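Below: the structure, in structure tokens.
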Amino acid sequence: MAAGSPGGCLARNEWLCGEYLRTRQSELLDATVEHVWITAAAIVIALLLALPVAVAARRWRQARAPALAVTTVLYTIPSLAMFALLLPVFGLSAAVVVTGLVLYSLTVLVRNILAGLEAVPDEIREAARGMGYGPGRLLIEVELPLALPALLAGVRIATVTAVSLTTIGAIVGYGGLGNLVYDGMESYFKAQVLTASLICVLLAVAADLLLLGLQRALTPWTRTGTRRRGGRPARRKGPAAPATAGGATAQKDLVGKAG
């Protein structure tokens, strides 16, 4: 804190300090980059693991209960205990934090992907099978596209959660912005604690907005349904179709592909 002038905000240890931003740009940038790549790596790996688990749970009913039970139990483990359990395996490395975030993210992702797959109407599957779709093609071209709203909603929740939990990685030296928060709390450096915390919040908001935009771009039928309902009151004749199944137009387009 000696970088400031005698009467500067650093010397006075103020919460809001432009001088801190000017003198610590490199430090803040490095911490932010580390925070982003740890979060992104964890979500990508978790999604690659959650997808086959959810598909297996959807296809084989006996696998559903164990898959949901295991991921739920993993989520209940406190973060400090989780990192402590992973330390003997990975040592003091970023892999401890990434693996912990992957295990936490599996709960949300597996449940959301499974919910999206189960929301696909059976008549859509039967129509696709009648057109000669095999299990793999049915999954890739029909089921997964219609499950996208639920899948991406799960990715959004898991990402925002991972941005927050990454800060706990400061206990092993790989917490991104959490390192600055932890060091600032030890030295009671107000500007560092507040700035790093605000950047962490902004990262979570930015990630959520980006994923929301991606979700809307990849699922245009959900916006079409919303606009139609907004034009005039809808007359319900029965239970509403699950949102994750998409609109009727999208379903027909997906099933109507001729290979």
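Observations
- Test: residue in the stretch 180-191 that is buried (at least 17 other Cβ atoms within 10 Å of the Cβ), at pLDDT below 90 and within 30 Å of E143 (Cβ to Cβ): no
- With respect to being open to solvent by 50 Å² or more (accessible area, probe 1.4 Å), more than 13 Å from H35 (Cβ to Cβ), of a type in the set (V, I, T) and at pLDDT below 90, I157 falls outside the description.
- Residue tally, condition open to solvent by 60 Å² or more (accessible area, probe 1.4 Å), closer than 30 Å to P145 by Cβ and without any contact (Cβ under 8 Å) to a residue 24 or more places away in the chain, over the stretch 9-53: 4
- Just so you know, in the stretch 82-94 the residues that are of a type outside the set (S, T, Y) and open to solvent by less than 40 Å² (accessible area, probe 1.4 Å) include one that is farthest from the chain's Cα centre (by Cα), and it is G91.
- Residue in the stretch 120-142 that is least open to solvent (accessible area, probe 1.4 Å), counting only those that are without any contact (Cβ under 8 Å) to a residue 60 or more places away in the chain and among the aliphatic types (A, V, I, L, M): L138
- For L117, the conditions (1) open to solvent by 10 Å² or more (accessible area, probe 1.4 Å); (2) among the hydrophobic types (A, V, I, L, M, F, W, C); (3) out of contact with any Pro (no Cβ under 9 Å at 6 or more places or on another chain) all hold with the exception of (1).
The values are calculated or read from the model by the stated rules, or taken from the named source; none is laboratory data. All of these numbers come straight from a predicted model, not from anything done at the bench. Every residue, glycine as well, gets a Cβ built from its backbone with ideal geometry; the counts of neighbours run over all protein chains shown. Heavy atoms of the whole protein, side chains included, go into the accessibility calculation; ligands, DNA and RNA do not. Shrake-Rupley method; radii C 1.70, N 1.55, O 1.52, S 1.80 Å.
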